[in-house]
Amino acid sequence: MLFEKLRALLRASSDTYQPDFSVLFSKFQQILNGNNIVLDIIAQMEDKLSGEYVFDMNYIRSSTRMMSEAVYKIIYALAVLSNNAYPELFSRYEAIGLEIDRIIEGESGLPSDILVLPLDSVRGDMEELVGSKAARLGEIRNQLDLPVPDGFIITTAAYRLFLQSNNLWPQIRASFARRMKGEISAVEYHESIEKLIGGAAMPPKLEKDIAHVLSSFFKKKGKKFSLAVRSSAWGEDSEVKSFAGQFKTLLSQDPAHLLSAYRKVISSRFSERALAYEGEDSIREEALPMAVICQEMVSAKVSGIIYSIDPRDGHSHKVLISSLYGLGEPAVSGRAEMDQFIVSRIHPYEICERKIARKQRRLVLLPNQEIRDQEVPKHEQERPSLGDSEIISLAEHALALERFLRQPQDVEWAIDTEGKCCILQTRPLSLHRQRPGRGKSLNESLKKYPVLLADSGQVVQRGVAAGKVVKVFEDADPSSFPQGAIAVTHFTTPRLTKIIRKTSAIITDVGSPTGHMATIAREFGVPTIVGTKEATRLLQDGMEITVDAEENRIYSGIVPEVLEYQIEGRDQFANLPEFKILRKVLNKVAPLNMIDPASPQFAPRNCHTFHDILRFCHEKAVWELINLHASQRRFRNIRSRELKMAIPLGLHLIDLGNGLSHDVGSHSVDSVDQVTSLPMRALLDGLASPGAWSTEPRPLRFNDFMSSLTRFSLGEAQPRYVGKNLAVISDHYTNLSLRLGYHFNVIDTYTSENINDNYIYFRFVGGVTDPERRHRRGLLIETILEKYDFKVIVRNDLVVARLKKRNQRELLETLVMLGKLIGFTRQLDTEMVSDKSIERFAAAFLQDVSH
């Protein structure tokens, strides 16, 4: 209601009153100042997430309030400046503000009516609707433009509707309670959940929406395909919880059986394994809502995992890539030997190390969409599964993801049979801080203890532990595992999740540091060594050992010296509620989706964050200011003064404040020295520089003159000062409208100490020769401006160019160049006789400027 009244007031005032240029310029300055205030607040909030600062909810509320007030003032200032041309900004501001308020007050603000959503429509801030995994995939597909398989999401709203419409919650809780009391076995509990969810009716609207999205998908693909159907729970694959391997993933599913696959994934939400991972609290209705992501199945030639930082030694200058033939399921389940490649994180990303495994089996997707386990041909088994260019490309993808998501990443990927790489999943990589090196005295002391395994396998999670060995088999009852024992197992299976809270260390024969269990081990800080090849042979049940996963040593017996060595744990700040809330607030504030001002999508309706609003308002404020000189009503009651110069410009100046010295006369500016506007003075220095200005007329053919008479018209919207060259100036601002014969130049510029405010807009049109020569002169200007990093558009003889975010000194030097350019090109029309003229005159100008 408040915004409706405000919009009505703005509309009414625009019909009766238009403020003059000085008032409008003050609004422009308010936009610049507000822009800097908001960006500074965002930077401070992001700094808080580093963990080096202590803050509370009062900080979040006060910072958000200051930011919101500044954004509102920016929108209002643009409304005045633009005659309320963008009223939808107020609606977007209000909507974003309400979302931020909900986050701060602990409300979800979850949409309740979107049941199915194409992946192309998913944004990073949709976690509550599509789950963490799908939100991140949508973000990197739609914003980072990395290759992610196409698909759609059955949302958390669908999950709630499905469970509630079938009244499943009371029945699920009853089964869980019976299992906790020991009234039913784990198998009976699993069967009861499968029966409950597998037999539940699909709500009609949900079934209809799924059928609709499948129909659209069929039309888009135009070929037979199958789907990978995976969980995307709220909080899954987050920096706090990974849930790696806890929920069901179904590969190569027939779209005709998608509803059945959906039920199976949902039922895994209530598996005993998943509940043990999350804890009994996860049985609450509001806990862990699950979306399901359905993507086109990739026919993988090679698959694997990338760690954007090698977690085994904590070094930050290496990328770890693991790969194997075929589909990637054996990689994440820890059931396959994999090639490993270490790549430098520093360009040009050199391959530092290769470990090639013997890869005997592979899973392949056949043309009929069936998955088959095949033997790898003998001659391929010990070949590298990746070529050098593929290795480097994968490392680049991982580093791009890390930069975009602002933290190290654990990435699942595949390269299909056509050589196209796809990102299948990415999650935050749990890392612990590296412990300082040990002293010589400790190393000497350790020599007296027998070493059972040394540098065998790979360290997944650093740390130390001691205790008795307990061998773990896949079918073993995890409830019987003794607290504090050391788990020794053959495979790195996610089934070990149930004992991770109990065990003090994990050692395996086979496995990769890039599997599900490895992810969970790091998450819980459990010292883990995988791929030792002989742990289950050398380490027997009941044997007392000390695991030194700092130095990759396993000692016989208890070694006190090692146990005294404490590793530094993970920074716990990330788990605090304030950090989670601040992170969510920043997701509504900091991302920038409004990139290209020339795009049709650069519109208020597409402002999804405060940063988007800032970007839009700043761009439009500059544009409005550039064009204000053409409005006669904007200059009423404003005095102009003619500038006396040696060159015949006939230039009139309008001072908005501090653009002229105090001793200037009331009717004229008698000397360039009286111009105190920094950008105007730079332009004048260029215009008046030796050799830049020539009053000698160029030869003009009759046909050239006649073509110019019909070439250009100022139109009806002529300023009061038409016929005069006009500059509107302040200490840091200049809008120059310059007509020299049949040539028209507009330069609008702002130069200050704040680099974010600085820009130059340049526009040129006109000429007195034929269209071809005028176009060549436009290309000449383009050639010169691009040397100074302008973004330039040329249409016939119209040249439009922009330069932004340069420091004040660089911008002033560029303005001097523009002054010279105006003089240099003023009478070149007739000289542009061929395309070679462009190169010749550009070289002559640039050489002259450089001297």
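The values are calculated or read from the model by the stated rules, or taken from the named source; none is laboratory data. Source: prediction; values computed, not measured. A quick note on method: Cβ atoms are made from the backbone with ideal geometry, for glycine too, and the neighbour counts reach across all protein chains shown. Ligands, DNA and RNA are excluded from the accessible area calculation, which covers all protein heavy atoms including side chains. Shrake-Rupley method; radii C 1.70, N 1.55, O 1.52, S 1.80 Å.
List of remarks:
- Qualifying residue in the range 106-115 (condition: crowded, with 18+ Cβ neighbours inside 10 Å and not assigned by the TED database to the domain that holds residue 621): yes
- Pairs are defined by a Cβ separation below 9 Å, a sequence spacing of at least 6 or placement on different chains, a first member in the range 281-303 that is acidic (Asp, Glu), and a second member that is surrounded by 24 or more Cβ atoms within 10 Å (Cβ to Cβ); the pairs so defined are 296/151; 296/227.
- The residues listed here are 72, 93, 86; of these, the one that is assigned to a loop (DSSP other than H, G, I, E, B), of a type outside the set (Lys, Arg) and farther than 14 Å from residue 586 by Cα is 86.
- Inspection of the range 439-451 finds no residue satisfying the criterion of being within 24 Å of residue 338 (Cβ to Cβ), modelled with pLDDT under 90 and either assigned to a strand (DSSP E or B) or open to solvent by 10 Å² or more (accessible area, probe 1.4 Å) (or both).
- One residue stands out among those in the range 474-494 that are more than 21 Å from residue 463 (Cα to Cα) and at pLDDT below 80: the one that is most open to solvent (accessible area, probe 1.4 Å), which is 475.
- Restricted to the range 754-851, the set of helices (runs of 4 or more DSSP H) holding at least 3 residues that are open to solvent by 10 Å² or more (accessible area, probe 1.4 Å) and within 25 Å of residue 29 (Cα to Cα) comprises 808-825.
- When residues of the range 152-179 are limited to those that are among the aliphatic types (A, V, I, L, M) and loosely packed, with under 13 Cβ neighbours inside 10 Å, the one farthest from residue 116 (Cα to Cα): 177
- Selection count, the range 147-189, where residues are of a type outside the set (A, V, I, L, M, F, W, C) and part of a helix (DSSP H, G or I): 13
- Only residues that are modelled with pLDDT under 85, surrounded by 24 or more Cβ atoms within 10 Å (Cβ to Cβ) and either within 14 Å of residue 353 (Cβ to Cβ) or out of contact with any His (no Cβ under 9 Å at 6 or more places or on another chain) (or both) were counted across the range 311-327, and they come to 0.
- Any hit, the range 667-679, residues being assigned to a helix (DSSP H, G or I), open to solvent by less than 30 Å² (accessible area, probe 1.4 Å) and at pLDDT 85 or above: yes
- Filtering the range 183-219 to residues that are open to solvent by less than 60 Å² (accessible area, probe 1.4 Å) and more than 15 Å from residue 261 (Cα to Cα) leaves 184, 185, 186, 189, 192, 203, 209, 213, 215, 216, 217.
- Check on residue 372, in a loop (DSSP other than H, G, I, E, B) and surrounded by fewer than 20 Cβ atoms within 10 Å (Cβ to Cβ): no
- Qualifying positions in the range 516-560 - at pLDDT below 80 and either open to solvent by 40 Å² or more (accessible area, probe 1.4 Å) or assigned to a strand (DSSP E or B) (or both): 524, 560
- Taken as a whole, the structure leaves residue 84 outside the set of residues that are open to solvent by 30 Å² or more (accessible area, probe 1.4 Å), touching a residue at least 40 places away in the same chain (Cβ under 8 Å) and polar (S, T, N, Q).
- Flag if residue 728 is part of a strand (DSSP E or B) and in contact (Cβ under 8 Å) with a residue 60 or more places away in the chain: yes
- Single match in 850, 837 (criterion: of a type in the set (Gly, Ala, Ser) and farther than 13 Å from residue 783 by Cβ): 850
- Some residue of the range 360-368 being closer than 17 Å to residue 457 by Cα, in contact (Cβ under 8 Å) with a residue 12 or more places away in the chain, open to solvent by 80 Å² or more (accessible area, probe 1.4 Å) and more than 33 Å from the chain's Cα centre (by Cα): no
- Residue within the range 629-642 that is assigned to a helix (DSSP H, G or I), within 19 Å of the chain's Cα centre (by Cα) and modelled with pLDDT under 80 present: no
- Residue 335 vs. criteria open to solvent by 40 Å² or more (accessible area, probe 1.4 Å) and in a strand (DSSP E or B): no
- The C-beta contact set for the range 443-460 (first residue more than 27 Å from residue 536 (Cβ to Cβ), second residue part of a helix (DSSP H, G or I), distance under 9 angstrom, 6+ apart or interchain) comprises 445/561.
- Exactly one residue among 62, 132 is open to solvent by 30 Å² or more (accessible area, probe 1.4 Å) and assigned to a helix (DSSP H, G or I), and that residue is 62.
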